[in-house]
């Protein structure tokens with residue numbers, strides 16, 4: 001079999017494993033959809049201030065007011081991509097490293113690119129599905145508009161997905177064993193999720209500046225832009241995608257240098 | 001040309017010298033046993049041969065290549081059963097074997113291999129649901145699916161019940177008949193005795209002895225004679241008396257068993273005594289092994 005055929009078989013096997021594993025499927029899909037339902041209901045009819053800050057009387061200064069769910073649906077879609085790629089990969093790879101599965105694969109002629117295409121390809125499929133699901137639920141239940149700019153939306157999901165897959169592999173370097181994976185992973189990104197304004201916009205330039213260091217913020221921005229939550233945009237924002245790309249390239253270099261195939265002996 | 005050559009192999013982990021100048025070679029078609037207590041360096045040696053670890057010094061050749069640099073070409077010709085190596089738990093036995101089948105240029109048919117390891121009834125079952133012994137047999141199937149020339153079996157039957165072990169032995173014998181070269185590590189001397197053509201005993205990172213199981217056993221010339229001590233008589237001392245192991249059992253070892261046995265039975269027959277549970281045994285490989293690897 002050629003490497004391309006093997007890579008396809010890997011994607012298929014990874015997809016099977018993913019859907020048969022209730023925990024993986026739940027964390028990838030359950031959280032973003034659940035929060036969409038909760039917050040979508042609570043804040044239905046409210047407005048969100050995009051690209052601006054709230055003034056003394058609560059008015060939106062320097063930005064645009066849009067219906068809350070117009071903002072919230074793409075934000076939850078972005079979170080879905082992060083769970084499907086970053087969280088999912090960090091967890092499964094740490095478990096496989098601990099159980100010796102990675103070590104076994106290294107002893108076979110399976111090429112590294114085919115293996116990586118398998119896990120990343122499968123994660124991207126999950127990411128596309130969760131984004132579609134979020135858009136559908138948001139549209140049907142909360143009247144959020146369909147994504148306005150299709151091509152930028154798909155491109156952002158794919159680029160963001162690959163970058164968060166790379167970062168998911170990278171974070172395994174910091175995960176001592178599979179038991180610690182949920183703690184390390186959640187600690188590494190959930191606070192950033194909040195200060196990046198995934199749930200509501202807020203007025204604190206220090207926290208916002210911190211958020212802007214991380215790819216989570218820029219990915220959310222790219223998704224908001226592509227979904228049309230930012231009224232005056234063509235759907236593309238070069239800066240968002242560039243920051244993501246830089247995180248991906250640097251992350252890949254660090255991962256290639258420090259990735260561990262075997263658990264540390266204790 | 002030898003299938004495996006190891007010359008003056010050395011490997012340290014920090015201040016721990018795990019392998020200290022080990023040399024041996026394995027011929028094509030041979031079943032070669034690597035024996036030694038825990039921490040003797042067996043797994044380090046095997047993992048260097050498998051390409052997982054890098055040696056500090058010495059020469060290593062596996063099927064004519066250096067495993068440290070050979071890469072995929074070598075891995076296509078080698079099968080491995082590692083000590084701890086999980087399989088994707090949510091795939092079925094057949095799915096996993098099929099997936100691995102795709103990695104090799106000239107694999108065996110999936111059904112044949114699944115049947116060879118006795119998992120045909122579990123082919124549609126998810127790996128997660130297999131027992132420990134069944135998972136180990138799946139390991140064996142994955143090592144064989146690529147039709148390898150050389151197979152590494154690192155403690156392949158640890159945790160097996162006696163009948164599962166016998167089955168695994170049959171599989172190994174079958175592989176040997178197919179002309180595969182096999183390097184096997186084990187704790188079980190009966191396994192080494194039954195399966196291997198030659199064994200290499202390592203202890204504290206050094207080779208203590210290399211030879212056929214028979215030649216190792218022959219190193220201890222003494223034969224053991226034991227029987228239940230008859231009541232009310234003094235038994236003639238026909239050899240060196242050693243602990244009998246259980247109450248009422250008397251044991252002697254001798255280098256001249258024919259003479260000793262003759263004296264003993266002549267004495268007993270003359271008095272009309274039947275020696276209960278009379279046994280004459282050669283030292284087992286285990287006896288020799290324990291002596292060779294005793295803590296220095």
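The values are calculated or read from the model by the stated rules, or taken from the named source; none is laboratory data. Everything numeric here is computed off the predicted structure, so don't read it as measured data. All Cβ positions, even for glycine, are placed from backbone atoms using ideal geometry, and neighbour counts span all protein chains on display.
Each residue in the stretch B:55-96 was checked for being touching a residue at least 24 places away in the same chain (Cβ under 8 Å), within 11 Å of chain A (Cβ to nearest Cβ) and part of a helix (DSSP H, G or I), and 2 of them qualify. Across the stretch B:114-130, a minimum of one residue is classified as farther than 23 Å from residue A:106 by Cβ, at the interface with chain A (Cβ under 10 Å from one of its Cβ atoms) and modelled with pLDDT of 90 or more. Do we have residue A:13 as modelled with pLDDT of 90 or more, in contact with a helix residue (DSSP H, G or I) (Cβ under 8 Å, 6 or more places away or on another chain), assigned to a helix (DSSP H, G or I) and within 10 Å of chain B (Cβ to nearest Cβ) here? Here the answer is yes, as residue A:13 does meet what is asked.
For residue A:212, the criteria (1) at pLDDT 95 or above; (2) under 28 Å from residue A:51 (Cβ atoms) hold in every case but one, which is (1). The strands (runs of 3 or more DSSP E) located wholly in the stretch B:185-231 that include 1 or more residues which are under 23 Å from residue B:48 (Cβ atoms) and in contact with a strand residue (DSSP E or B) (Cβ under 9 Å, 6 or more places away or on another chain) occupy B:198-203, B:206-211. Scan the stretch A:16-40 for residues that are closer than 25 Å to residue A:111 by Cβ and more than 14 Å from every other protein chain (Cβ to nearest Cβ) and the total you get is 0.
Scanning the stretch B:235-279 for residues that are under 30 Å from residue B:194 (Cβ atoms) and surrounded by 15 or more Cβ atoms within 10 Å (Cβ to Cβ) yields B:239, B:244, B:249, B:251, B:252, B:253, B:254, B:257, B:260, B:261. If you go through the stretch B:23-54 and keep only what is over 17 Å from residue B:74 (Cβ atoms) and within 13 Å of chain A (Cβ to nearest Cβ), you end up with B:39, B:43, B:44. In the stretch B:155-172, the qualifying residues are those that are over 13 Å from residue B:140 (Cβ atoms) and part of a helix (DSSP H, G or I), and the one that is modelled with the highest pLDDT is B:166.
Please work out which residue is nearest to residue A:48 (Cα to Cα), limiting yourself to the stretch A:241-266 and to residues that are free of Cβ contacts under 8 Å to residues at least 24 places away in the same chain and more than 14 Å from chain B (Cβ to nearest Cβ). Residue satisfying both the conditions and the ranking: A:242.
For (1) touching a helix residue (DSSP H, G or I) at 6+ places or on another chain (Cβ under 9 Å); (2) touching a residue at least 40 places away in the same chain (Cβ under 8 Å); (3) closer than 30 Å to residue A:44 by Cα; (4) buried (at least 23 other Cβ atoms within 10 Å of the Cβ), each residue gets a yes or a no:
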{"residue": "A:72", "(1), (2), (3), (4)": "yes, yes, yes, yes"}
{"residue": "A:83", "(1), (2), (3), (4)": "yes, yes, yes, yes"}
{"residue": "A:89", "(1), (2), (3), (4)": "yes, yes, no, yes"}
{"residue": "A:94", "(1), (2), (3), (4)": "yes, yes, no, yes"}
{"residue": "A:105", "(1), (2), (3), (4)": "yes, no, no, no"}
{"residue": "A:111", "(1), (2), (3), (4)": "yes, yes, no, no"}
{"residue": "A:117", "(1), (2), (3), (4)": "yes, yes, no, no"}
{"residue": "A:121", "(1), (2), (3), (4)": "yes, yes, no, no"}
{"residue": "A:128", "(1), (2), (3), (4)": "yes, no, yes, no"}
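Of the listed requirements (1) surrounded by 15 or more Cβ atoms within 10 Å (Cβ to Cβ); (2) within 14 Å of chain B (Cβ to nearest Cβ); (3) farther than 22 Å from residue A:92 by Cα, residue A:2 misses just one: (1). Scanning the stretch A:251-264 for residues that are in a helix (DSSP H, G or I) and surrounded by fewer than 14 Cβ atoms within 10 Å (Cβ to Cβ), we see that the one that is modelled with the highest pLDDT is A:253. Considering every residue within the stretch A:56-67, establish whether at least one is within 14 Å of chain B (Cβ to nearest Cβ), out of contact with any strand residue (DSSP E or B) (no Cβ under 9 Å at 6 or more places or on another chain) and at pLDDT below 90. So far as the stretch A:56-67 goes, no, none of its residues is within 14 Å of chain B (Cβ to nearest Cβ), out of contact with any strand residue (DSSP E or B) (no Cβ under 9 Å at 6 or more places or on another chain) and at pLDDT below 90. Out of (1) away from chain B (no Cβ under 14 Å); (2) within 27 Å of residue B:47 (Cβ to Cβ), what's the single condition that is false for residue A:92? With respect to (1) away from chain B (no Cβ under 14 Å); (2) within 27 Å of residue B:47 (Cβ to Cβ), residue A:92 is out only on (1).
Checking each residue in the stretch B:73-125 for being surrounded by fewer than 17 Cβ atoms within 10 Å (Cβ to Cβ) and either outside the structural domain of residue B:43 (by TED's automatic domain parsing) or in contact with a strand residue (DSSP E or B) (Cβ under 9 Å, 6 or more places away or on another chain) (or both) picks out B:73, B:83, B:123, B:124, B:125.
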